[in-house]
Amino acid sequence: MRMSEVGMLASSPMLLLLLSLIMASFFDTTAGQVGVCYGEKGNNLPSNSEVVDMYKKYKIRRMRMYDVNPNALNALRGSGIELILDIPNHKIDDIANKPMEATKWVRENVEMYKDVRFRYISVGNELKPEDLVGKETILIQAIRNIDKALSEARLSIPVSTTTYMGAFTDTYPPSRGRFNATYLNFLQPVIDFLVSKRSPLLVNIYTFFGYNDSKGKIPLEYALFTQTSGGERDSGYTYLNLFDANLDSVYAALEKSGGQSLEIVVSETGWPTKGGLDANKENAEIYINNLIKHVKNGSPRKQGKAIETYIFAMFNENDKGPQEYERYWGLFFPDKKPQIEVTNGFN
Ligand SMILES: *[C@@H]1O[C@H](CO)[C@@H](O)[C@H](O)[C@H]1NC(C)=O
Ligand SMILES: *[C@@H]1O[C@H](CO)[C@@H](O)[C@H](O)[C@H]1NC(C)=O
């Protein structure tokens, strides 16, 4: 279409609307965007505004942060970067039991930042049954309180929680996947809530841990997306990599718990450069680059649908521990130099 024709079409408001919808869908490349988790547990990391500049420089359009940090939120203003913001586990009790706390949290940390693009609020990260003994309902209460506070502020931001592979059992073969019943005590009401809101469940998926724990029984190629033939057959699907197998085991588990309509966002994944079996820079680079390519196309159960994914993490974090492997997940070193060469960008 030549520009003059565009101009003629655009003279009608209806057509203008149509045109903008067509353009928007044509240019909507966000589906395959891979985000990066910005953990701050290091005493040598760049300033928040330098970090946001790095996201811009490397065209990383999505970020996950683990707690409120006003300096980081200020740096994100107007950036267009989409943010998953966590409410850390230790704050859940208060927000669950005092609706005023939820209102206050939303006012101070979301409403104040009208020019920050909040994608999801994650209430809690990898909560375990031991964290909630005798108070299994606080998670859903906190989620409801935050959701209500957001709608009272006329903000439509999905509220969810982040879980992890430890909440599932029988994950192999994937179709057998189901929730560990102890986790379901607090996750079942959350699943029902997410279904009613059509909001996704966030799940941290690390093939590295499965691979490491298998002591080499799982082939490295299966964990790094480099296997190209054969594969494991299961329920009519073929699995060439552990990432898909893990993800589809979560889909299978959701199906068995009334969550078959839910979408899963992979809220963390990565490969460390130190501290475990085949944890090194070379494998981390292979994993990350293959991951970015792979998630555009979906898992066997959701073929063709890009998987919204966040890499853990932006930096090596030297305040983490006590295990060595916890400190070496960075795409970048704290001096901003790349540790991992991302060869084709983040989409
Ligand atoms: C379920 O989780 C609980 C609590 O973490 C754990 O003790 C139990 O072994 C798990 N059950 C299965 C079948 O994995
Ligand atoms: C890797 O596996 C070994 C057992 O083979 C275990 O001792 C170690 O804690 C595991 N490391 C990680 C990072 O999971």
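Tabulated data
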read-out	value
Filter pass, Val110 being away from ligand 2 (no atom under 16 Å from the Cβ), assigned to a helix (DSSP H, G or I) and buried (at least 20 other Cβ atoms within 10 Å of the Cβ)	yes
Residues that are within 16 Å of ligand 2 (Cβ to nearest atom) and under 21 Å from Arg61 (Cβ atoms), drawn from region 303-329	Phe312, Ala313, Trp329
When residues of region 219-239 are limited to those that are at pLDDT 95 or above and part of a strand (DSSP E or B), the one farthest from Leu262 (Cα to Cα)	Arg233
Candidate set from region 183-218 (those that are away from ligand 2 (no atom under 16 Å from the Cβ), part of a loop (DSSP other than H, G, I, E, B) and on the phi < 0 side of the Ramachandran plot); member that is farthest from the chain's Cα centre (by Cα)	Ser199
Residue that is surrounded by the most Cβ atoms within 10 Å (Cβ to Cβ), among those in region 306-345 that are in a loop (DSSP other than H, G, I, E, B) and of a type in the set (Ser, Thr, Tyr)	Tyr328
Single unsatisfied condition, Ile205 versus (1) out of contact with any Lys or Arg (no Cβ under 7 Å at 6 or more places or on another chain); (2) within 30 Å of Ile157 (Cα to Cα); (3) within 16 Å of ligand 1 (Cβ to nearest atom)	(3)
Residue within region 192-201 that is within 30 Å of Trp329 (Cα to Cα), of a type in the set (Asp, Glu) and surrounded by fewer than 20 Cβ atoms within 10 Å (Cβ to Cβ) present	no
Restricting region 145-171 to residues that are more than 16 Å from ligand 1 (Cβ to nearest atom) and hydrophobic (A, V, I, L, M, F, W, C), the residue that is farthest from the chain's Cα centre (by Cα)	Ala153
Hey, Thr163 buried (at least 19 other Cβ atoms within 10 Å of the Cβ) and closer than 30 Å to Tyr237 by Cβ or not	yes
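Per-residue answers, yes or no, for (1) under 30 Å from Gly304 (Cβ atoms); (2) open to solvent by 10 Å² or more (accessible area, probe 1.4 Å); (3) hydrophobic (A, V, I, L, M, F, W, C):
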site	(1), (2), (3)
Ala31	yes, yes, yes
Pro46	no, yes, no
Tyr58	yes, yes, no
Met63	yes, no, yes
Arg77	no, yes, no
Glu82	yes, yes, no
Pro99	no, yes, no
Arg117	yes, yes, no
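The values are calculated or read from the model by the stated rules, or taken from the named source; none is laboratory data. Predicted model only: the values in this text are computed from it and were never measured. In this analysis, Cβ positions are derived from the backbone assuming ideal geometry, glycine residues included, and neighbour counts consider all displayed protein chains. Side chains are part of the model used for accessible areas, which takes the heavy atoms of the whole protein and leaves out ligands, DNA and RNA. Shrake-Rupley method; radii C 1.70, N 1.55, O 1.52, S 1.80 Å.
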